[in-house]
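Shown next, in structure tokens, is the structure this report addresses.
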Amino acid sequence: MKKLLILGTLIASVFLSNAQTNPPPAVTNAPIVSGPVTNIIDFISSGGSNWMVAPYGIISSDGEKYGGGIALAYRLTDFVVPVLRIDYYDQEIWMPSASIQLQAPITLSGKVRVTPFAFAGVATPLSDPEHDRPVEGIFGVGAAVGLSKHFSLVADVEVWTGFEAEQIRFGVVYKF
């Protein structure tokens with residue numbers, strides 16, 4: 001009887017028990033690279049952000065000086081945009097500047113997005129050690145016209161505290 005009971009228990013345990021199973025490893029999207037590189041890749045691949053970049057041309061209102069530059073901007077809200085720029089003007093890398101832009105985007109005829117703006121900021125000369133002021137004030141007005149979701153044309157007129165002629169800037173804005 002003991003043998004029959006042991007045999008029955010053994011058979012029951014074989015049929016009623018579950019064997020240990022190891023599930024297949026979960027597929028993860030664990031990054032191969034981590035840290036700042038991952039942040040940059042995430043930023044670029046996200047397809048939308050508040051960052052903007054704008055290459056532009058510059059000409060003085062008297063037509064005597066010209067150049068170009070690049071701006072990096074971050075849209076805090078639809079109405080406030082801080083901007084950093086570096087200019088190549090009159091054949092010199094000239095002045096980095098920082099400004100705050102106040103704007104009022106409007107849509108005309110339900111299709112064309114126009115953004116008039118005004119800004120104020122400061123700049124400091126790099127290439128002119130004899131410049132009598134370490135900081136210049138910048139004041140300007142302009143507008144951007146949207147061409148697509150990511151591209152706009154932009155133009156402005158600026159007055160700098162240490163210079164006679166105004167600067168006229170024109171360029172293309174790319175919105176990430």
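The charge dipole of the range 98-176, taken about its Cα centre with unit charges on the Cβ atoms of Lys, Arg (+1), Asp and Glu (-1) only, comes to about 800 debye.
The phi torsions of the range 161-176, fed into the Karplus equation with coefficients 6.51, -1.76 and 1.60 and a -60° offset, translate into couplings of 4, x, 9, 6, 7, 6, 10, 10, 10, 8, x, 10, 9, 10, 9, 5 Hz, rounded to whole numbers, with Gly and Pro shown as x.
Legend: ranking of residues Arg169, Arg113 from fewest to most surrounding C-beta atoms inside 10 Å; resulting order Arg113, Arg169. For the range 49-175, the normalised intensity computed at q = 0.15 Å⁻¹ comes to -0.67 (log10 of I(q)/I(0), Debye sum over alpha carbons, equal scatterers, no solvent).
Exposure proxy shown here: for Thr124, Thr107, the number of other Cβ atoms within 10 Å sets the order, fewest to most, as Thr107, Thr124.
Counting beta carbons within 10 Å around each of Glu158, Glu64, Glu166, Glu92 and listing the fewest first gives the order Glu64, Glu92, Glu166, Glu158.
Every number in this text was worked out from the coordinates using simple rules, so none of it is lab data. What you are looking at is a predicted structure, and each value in this text was computed from that prediction instead of being measured. Please note: Cβ atoms are built from the backbone with ideal geometry, for glycine as well, and neighbour counts cover all protein chains shown.
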